[in-house]
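**Q** This is the structure, below, for whatever I ask next.
The values are calculated or read from the model by the stated rules, or taken from the named source; none is laboratory data. Quick caveat: nothing in here was measured; it's all calculated off a predicted structure. Here the Cβ positions follow ideal geometry from the backbone for every residue, glycine too, while neighbour counts run over all protein chains shown. For accessibility, only protein heavy atoms count, side chains too; no ligands or nucleic acids. Shrake-Rupley method; radii C 1.70, N 1.55, O 1.52, S 1.80 Å.
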Amino acid sequence: MLRARALLSDDALQRALLVHAETGERLDAVVTRLGLLSEDRVATEMGAYTGLPVVDGAAFPSQAIEGPDLPPDFLRENRAVPIAADTTFVRVAVSDPFDSFVEQAFGFTFGCHVERVIARASDLDAAIERLYHGAAPVAEDADGEIDSDDLERLKDLVSDAPVIRAVNRLIARASDERASDIHIEPSDDGLSVRFRVDGMLREAAKLPLAMRAPLVSRIKVMAGLNIAERRLPQDGRLRISVRGHEIDLRVATSPSIHGESVVMRILDRSRLALDFTTLGFDPELTSRMREAIARPHGIVLVTGPTGSGKTTTLYAALSELNAPHRKLLTVEDPIEYRLPGVIQTQVNPAISFTFSTALRSFLRQDPDVMMVGEIRDTETAQIAVQAALTGHMILSTLHTNTAAGAISRLLDMGVEPFLLGSVLSGILAQRLVRRLCPDCRRPYDPDDDIPEILVPLLHTVGPRQFYHAEGCNRCGGSGYSGRVAVLEFLRVDDAVSKLILRSADTPEIQAAGEAGGMRSLFADGVAKAAIGLTTIEEVLRVSSGEGG
């Protein structure tokens, strides 16, 4: 089919066939994994070539159809799922319509006529996990315990096709489920895999003990790490094609009592939101943020705990400023996403290349805008202030709970109040809350059962409709799909500058900010809950009334 429809060049087809022969993966999977064709294109072309219908994820049932017990391993290996059946026929969704064995096997098992339809591999994989409880192993068992001292044997194991397929399948499944991180954790009897989806960890798989060493070692090889070193933490990076597009993964290993644990951060640029509206900024806040970062010089800070989306917000700001007439430099730890048109640098403490060192060197590169991944110490803070005073726009992050708290933190670092008041343009504090699934959210009247802390705010949000999270197939039963930021932006105006000059405490600065039009994190969260973006429970979980 690929040849007949001229979908691939001869060189690309030979490359795919070579990988297929080396790994044993299905050819349709190889073609999409290498990024030669997208899953949608493969399914569409197969449908046009064979005349079989093509279905999407909505065609799959909410529960496994009644009939014979079907082993998940068989369904997974053949990428086939029955989606409808009665006494005369069974309709089976397949990824490869050219495999006659699948039709024969289902005909024999159900004892009736088989109708085939074509589906995307990712939809099939997701359906198998959902309908047939896919916590089954994602790779075949190896024989016996891995001898951790035998390095040569370990090298042989990590190149085995089952281990390669296991890792690729794990990454693909995590990407399909919109996971931000994959946690691989050794125990005394096996290997646990958990995905972080929308900020919450969920169980993904339990692998046998024999897979512990080869699976972790395979990931280390892919990330360019030393598989012989298990006593020290290591960090690396890898790039892999999943479902026809490339994603980066940041890999961190750490020794534990049962072996090495691994965390892989999934950096999928196709899902990176680089505009303020998508991140959760309303029009007024977007205008305030744009005004602050568009100044020719000054400091704009983004604050919040780890994992609150600070770096993504800074990337969105850089995207707004990225133009041919501006030179943009960043120093990060580590670089998460590559931004075209921006010179990005990563710190390296091993050779004393720190944030402060990089920032000092940047000043000799004639920049217009500099992004510093984090202000961690007095030296970096003071250099950032000096850079802002000499005509540069500085974007950075700080670990504080509120926008007003960032000022006290910088004063504690030893920054002079009269300098800080003159260079600070604005401070944004943020948290991430889970976004309600639009398919299953359920409306309710909060007046019937309302936390006391919400009473003062309910009368400030205007027309409102609150929702509870229910759970459906689309959101995996959680009731949530995706995340949105709750925000507060402190504009450093004359009133706030005067408070900085006399080293006022955080509550005074907070009060001055709210008097100048700042909406607190908590109030912004309630406003987003009132229009159905999230739930009151989520807002309470992440803010606990901070700044309220």
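**Q** Within the range 62-75, can one find any residue that is buried (at least 19 other Cβ atoms within 10 Å of the Cβ), in contact with a Phe, Trp or Tyr (Cβ under 9 Å, 6 or more places away or on another chain), in a helix (DSSP H, G or I) and at pLDDT below 85?
**A** For the range 62-75, residues buried (at least 19 other Cβ atoms within 10 Å of the Cβ), in contact with a Phe, Trp or Tyr (Cβ under 9 Å, 6 or more places away or on another chain), in a helix (DSSP H, G or I) and at pLDDT below 85: absent.
**Q** Tell me which of these residue 474 doesn't satisfy, since it passes every other one: (1) at pLDDT 90 or above; (2) open to solvent by 20 Å² or more (accessible area, probe 1.4 Å).
**A** (1)
**Q** Test residue 59 against the criterion of being over 17 Å from residue 124 (Cβ atoms) and small (Gly, Ala, Ser), and give yes or no.
**A** Numbers: over 17 Å from residue 124 (Cβ atoms): no; small (Gly, Ala, Ser): yes.
The answer is no for residue 59.
**Q** What pairs come out if I take residues in the range 513-524 that are more than 16 Å from residue 405 (Cβ to Cβ) and pair them with residues that are open to solvent by 10 Å² or more (accessible area, probe 1.4 Å) and part of a loop (DSSP other than H, G, I, E, B) whose C-beta lies under 6 Å away, six or more apart or interchain?
**A** 516/493
**Q** Would you check if there is a residue in the range 499-522 being charged (D, E, K, R), open to solvent by 40 Å² or more (accessible area, probe 1.4 Å), in contact with a helix residue (DSSP H, G or I) (Cβ under 8 Å, 6 or more places away or on another chain) and not in a loop (DSSP other than H, G, I, E, B)? Working first, answer last.
**A** Of the residues in the range 499-522, the ones charged (D, E, K, R) are 502, 505, 508, 514, 519.
In the following step, the residues that additionally are open to solvent by 40 Å² or more (accessible area, probe 1.4 Å) were identified as 502, 505, 508, 514, 519.
Imposing the further condition that a residue be in contact with a helix residue (DSSP H, G or I) (Cβ under 8 Å, 6 or more places away or on another chain) reduces the set to 502, 505, 508, 519.
This time we only want the ones that are not in a loop (DSSP other than H, G, I, E, B), so: 508.
Yes: the range 499-522 contains one or more residues that are charged (D, E, K, R), open to solvent by 40 Å² or more (accessible area, probe 1.4 Å), in contact with a helix residue (DSSP H, G or I) (Cβ under 8 Å, 6 or more places away or on another chain) and not in a loop (DSSP other than H, G, I, E, B).
**Q** Restricting attention to the range 3-34, which residues are closer than 14 Å to residue 45 by Cβ, open to solvent by 30 Å² or more (accessible area, probe 1.4 Å) and part of a loop (DSSP other than H, G, I, E, B)?
**A** Once the filter is applied, which keeps residues that are closer than 14 Å to residue 45 by Cβ, open to solvent by 30 Å² or more (accessible area, probe 1.4 Å) and part of a loop (DSSP other than H, G, I, E, B), the range 3-34 yields 3, 4, 5, 6.
**Q** Here is a further query. Before we move on, is residue 358 over 17 Å from residue 318 (Cα atoms), open to solvent by less than 20 Å² (accessible area, probe 1.4 Å), of a type in the set (A, V, I, L, M) and in a helix (DSSP H, G or I)?
**A** Working: over 17 Å from residue 318 (Cα atoms): yes; open to solvent by less than 20 Å² (accessible area, probe 1.4 Å): yes; of a type in the set (A, V, I, L, M): yes; in a helix (DSSP H, G or I): yes.
It is true that residue 358 is over 17 Å from residue 318 (Cα atoms), open to solvent by less than 20 Å² (accessible area, probe 1.4 Å), of a type in the set (A, V, I, L, M) and in a helix (DSSP H, G or I).
**Q** So residue 227 fits all but one of (1) open to solvent by 40 Å² or more (accessible area, probe 1.4 Å); (2) touching a Lys or Arg at 6+ places or on another chain (Cβ under 8 Å); what number is the exception?
**A** The single condition residue 227 does not satisfy is (1).
**Q** So, in the range 249-272, exactly how many residues are at pLDDT below 90, within 18 Å of residue 181 (Cβ to Cβ) and surrounded by 15 or more Cβ atoms within 10 Å (Cβ to Cβ)?
**A** The qualifying residues number 3.
**Q** Would you mind stating whether residue 355 is more than 30 Å from residue 522 (Cβ to Cβ) and free of Cβ contacts under 8 Å to residues at least 40 places away in the same chain?
**A** Working: more than 30 Å from residue 522 (Cβ to Cβ): yes; free of Cβ contacts under 8 Å to residues at least 40 places away in the same chain: yes.
Yes; evaluated as a whole, the condition is true for this residue.
**Q** Moving on to the next point. Hydrophobic (A, V, I, L, M, F, W, C), without any contact (Cβ under 8 Å) to a residue 24 or more places away in the chain and crowded, with 18+ Cβ neighbours inside 10 Å: which single residue out of 335, 343 fits that description? Write out each step before concluding.
**A** Details: 343 fails: crowded, with 18+ Cβ neighbours inside 10 Å.
That would be 335, the only listed residue that is hydrophobic (A, V, I, L, M, F, W, C), without any contact (Cβ under 8 Å) to a residue 24 or more places away in the chain and crowded, with 18+ Cβ neighbours inside 10 Å.
For every residue, the table says whether it meets (1) in contact with a Lys or Arg (Cβ under 6 Å, 6 or more places away or on another chain); (2) of a type in the set (Val, Ile, Thr); (3) in a strand (DSSP E or B).
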site: 331; (1), (2), (3): no, yes, yes
site: 338; (1), (2), (3): no, no, no
site: 345; (1), (2), (3): no, yes, yes
site: 367; (1), (2), (3): yes, no, no
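**Q** Scan the range 199-241 residue by residue and report those that are within 22 Å of the chain's Cα centre (by Cα), among the polar types (S, T, N, Q) and farther than 28 Å from residue 72 by Cα.
**A** 234
**Q** For residues that are more than 17 Å from residue 238 (Cα to Cα) and either of a type in the set (A, V, I, L, M, F, W, C) or open to solvent by 10 Å² or more (accessible area, probe 1.4 Å) (or both), tally how many sit in the range 174-198.
**A** Residues flagged as more than 17 Å from residue 238 (Cα to Cα) and either of a type in the set (A, V, I, L, M, F, W, C) or open to solvent by 10 Å² or more (accessible area, probe 1.4 Å) (or both) within the range 174-198 amount to 16.
**Q** Do we have residue 330 as without any contact (Cβ under 8 Å) to a residue 60 or more places away in the chain, open to solvent by less than 10 Å² (accessible area, probe 1.4 Å) and closer than 30 Å to residue 197 by Cα here?
**A** Values: without any contact (Cβ under 8 Å) to a residue 60 or more places away in the chain: yes; open to solvent by less than 10 Å² (accessible area, probe 1.4 Å): yes; closer than 30 Å to residue 197 by Cα: yes.
Against the criterion (without any contact (Cβ under 8 Å) to a residue 60 or more places away in the chain, open to solvent by less than 10 Å² (accessible area, probe 1.4 Å) and closer than 30 Å to residue 197 by Cα), residue 330 qualifies.
**Q** Just the residues that are in contact (Cβ under 8 Å) with a residue 24 or more places away in the chain and in a loop (DSSP other than H, G, I, E, B), please, taken from the range 91-119.
**A** Filtering the range 91-119 for residues in contact (Cβ under 8 Å) with a residue 24 or more places away in the chain gives 91-98, 102, 105-106, 109-110, 112-119.
Once the filter is applied, which keeps residues that are in contact (Cβ under 8 Å) with a residue 24 or more places away in the chain and in a loop (DSSP other than H, G, I, E, B), the range 91-119 yields 95, 96, 97, 98, 112, 119.
**Q** Read through the list (1) on the phi < 0 side of the Ramachandran plot; (2) open to solvent by 60 Å² or more (accessible area, probe 1.4 Å); (3) small (Gly, Ala, Ser), then give the number of the only condition that residue 323 fails.
**A** Exception for residue 323: condition (2).
Quick grid of which residues meet (1) polar (S, T, N, Q); (2) assigned to a loop (DSSP other than H, G, I, E, B); (3) open to solvent by 20 Å² or more (accessible area, probe 1.4 Å); (4) within 19 Å of residue 524 (Cα to Cα):
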residue	(1), (2), (3), (4)
379	no, no, yes, no
394	no, no, no, no
407	no, no, no, no
418	no, no, yes, no
426	no, no, no, yes
431	no, no, no, yes
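**Q** Let me ask something additional. Which condition number in (1) surrounded by fewer than 14 Cβ atoms within 10 Å (Cβ to Cβ); (2) at pLDDT below 85; (3) within 30 Å of residue 476 (Cα to Cα) is the one that residue 86 fails?
**A** Result: residue 86 passes all but (2).
**Q** Something else about it: Residues in the range 35-48: is at least one surrounded by fewer than 16 Cβ atoms within 10 Å (Cβ to Cβ), in contact with a Lys or Arg (Cβ under 7 Å, 6 or more places away or on another chain), modelled with pLDDT under 85 and not polar (S, T, N, Q)?
**A** yes
**Q** Okay, moving on. Taking the range 381-392 on its own, how many of its residues are buried (at least 20 other Cβ atoms within 10 Å of the Cβ) and not in a helix (DSSP H, G or I)? Write out each step before concluding.
**A** Restricting attention to the range 381-392, the residues satisfying the condition of being buried (at least 20 other Cβ atoms within 10 Å of the Cβ) are 381, 383-385, 387-388, 392.
Checking the rest, the ones that are also not in a helix (DSSP H, G or I) come to 392.
Selection size over the range 381-392: 1.
**Q** Further question on the same structure: Suppose we keep only residues that are closer than 26 Å to residue 434 by Cβ and surrounded by 20 or more Cβ atoms within 10 Å (Cβ to Cβ) within the range 199-217. Which one would you say is modelled with the lowest pLDDT? So that I can check it myself, show each step before the final result.
**A** The first filter runs over the range 199-217 and keeps only residues closer than 26 Å to residue 434 by Cβ, leaving 199-206.
Filter once more, keeping what is surrounded by 20 or more Cβ atoms within 10 Å (Cβ to Cβ): 204-205.
Numbers: 204: 88, 205: 85.
Only one residue fits best here, namely 205.
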